[in-house]
Amino acid sequence: MSRLRAQGLTLAYEDRTVVSDLDLAVPDGRVTVIVGPNACGKSTTLRALGRLLRPRSGSVLLDGTELAKIPTKRIARSIGLLPQSPVAPEAITVADLVSRGRQPHQRWWQQWSEEDERAVRDAMARTDVTALADRSVDELSGGQRQRVWIAMALAQETDLLLLDEPTTFLDIAHQVEVLDLVRRLNHEQGRTVVIVLHDLNQAARYADHLVAMKAGRVVAEGPPADVVTAELVREVFGLESIVVPDPVTGSPLVVPGAPYGPRRAAAEDEDSEDTEDPIRT
């Protein structure tokens with residue numbers, strides 16, 4: 001089943017088409033990760049799934065209804081979206097920014113509730129930003145700021161959560177914490193999550209469903225073990241590699257070819273000589 005799907009989706013910025021005739025069904029209750037080279041349409045597709053970008057043609061459906069026909073507040077109670085490089089209002093505190101995730105749940109007769117307070121407190125604890133509550137977001141490091149934005153998205157408490165490169169600016173320890181948090185939310189609360197990631201190995205480790213894109217189209221999708229192969233890495237990323245089982249999880253682990261060095265340079269020179277035209281004048 002899929003509550004969120006794209007059908008015949010074409011997306012463009014002015015005259016530049018980025019995504020062409022794309023079909024994508026997001027599996028309910030699973031973690032879907034979208035991967036691909038830069039400028040392949042990953043983030044653009046995610047923006048369309050969250051109704052931040054109007055399709056040139058085709059449609060995005062939520063529970064069978066086009067997003068364009070659904071009131072904004074209803075969408076915000078169903079779909080949480082953390083875009084790339086969000087901008088916070090000047091001088092806003094961490095607690096105030098995270099609290100804005102509760103706006104879709106507000107009513108004119110009830111502006112704040114104990115449930116809102118619990119959601120904000122829980123989101124800040126899960127992302128380890130509670131101690132920063134009274135700090136201005138402007139004063140934070142890039143990694144701290146990213147965790148605050150993730151906390152705001154979590155406080156929204158939507159069934160569908162869309163995260164565009166949520167590990168940007170984070171060191172490796174916090175990257176793992178964020179991705180582990182996503183898995184816990186999925187496992188414990190049944191949330192459907194769609195993430196755009198650059199790191200193919202992280203994608204293979206954390207995804208239930210992997211979508212590989214190139215030039216605005218889906219090249220392959222399915223379980224990581226079926227999708228991540230040396231052939232696919234070559235086709236999508238133009239990278240020679242071998243794919244071996246991750247020694248911890250058993251998921252596919254992409255190992256790039258040997259780095260440049262004297263031995264590789266000598267081998268390349270030898271290959272070049274072998275391919276020269278043997279007929280000389």
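The values are calculated or read from the model by the stated rules, or taken from the named source; none is laboratory data. Everything numeric here is computed off the predicted structure, so don't read it as measured data. Methodologically, a virtual Cβ is constructed for each residue, glycine included, from the backbone with ideal geometry; neighbour enumeration extends over all protein chains shown.
Points to keep in mind about this one:
- Residue within segment 171-185 that is touching a residue at least 60 places away in the same chain (Cβ under 8 Å) and of a type outside the set (D, E, K, R) present: yes
- Counting only residues that are part of a loop (DSSP other than H, G, I, E, B) and without any contact (Cβ under 8 Å) to a residue 40 or more places away in the chain, segment 59-73 holds 3 of them.
- A count restricted to segment 8-39 and to residues that are polar (S, T, N, Q) and at pLDDT 95 or above stands at 2.
- Check on ASP180, at pLDDT below 95, more than 25 Å from ARG30 (Cα to Cα) and within 20 Å of the chain's Cα centre (by Cα): no
- In the condition set (1) within 38 Å of the chain's Cα centre (by Cα); (2) at pLDDT below 95, SER251 is compliant with all but (2).
- Beta carbons closer than 7 Å, at least 6 apart along the sequence or on distinct chains, pair a first residue in segment 1-25 that is within 26 Å of ARG77 (Cβ to Cβ) with a second that is part of a strand (DSSP E or B) and of a type in the set (Asp, Glu) for ALA6/ASP23; GLN7/ASP23.
- Residue match in segment 191-214 (condition: at pLDDT below 95 and at positive phi): no
- Among the residues making up segment 158-204, those that are outside any helix (DSSP H, G or I) and either more than 28 Å from ALA230 (Cα to Cα) or in contact with a Gly (Cβ under 7 Å, 6 or more places away or on another chain) (or both) are THR158, ASP159, LEU160, LEU161, LEU162, PHE169, LEU170, ASP171, GLY190, ARG191, THR192.
- Residues of segment 57-75 that are loosely packed, with under 15 Cβ neighbours inside 10 Å and either touching a His at 6+ places or on another chain (Cβ under 6 Å) or not β-branched (Val, Ile, Thr) (or both): SER57, ASP63, GLY64, GLU66, ALA68, LYS69, PRO71, LYS73, ARG74.
- Of all the listed residues (SER43, SER20), the sole one being under 27 Å from LEU239 (Cβ atoms), of a type outside the set (Phe, Trp, Tyr) and touching a Ser or Thr at 6+ places or on another chain (Cβ under 9 Å) is SER20.
- Residues in segment 122-155 that are outside any helix (DSSP H, G or I), buried (at least 20 other Cβ atoms within 10 Å of the Cβ) and either aliphatic (A, V, I, L, M) or at pLDDT 90 or above (or both): 1 in all.
- Scanning segment 11-47 for residues that are touching a Gly at 6+ places or on another chain (Cβ under 7 Å), of a type in the set (Gly, Ala, Ser) and not in a strand (DSSP E or B) returns GLY29, GLY41.
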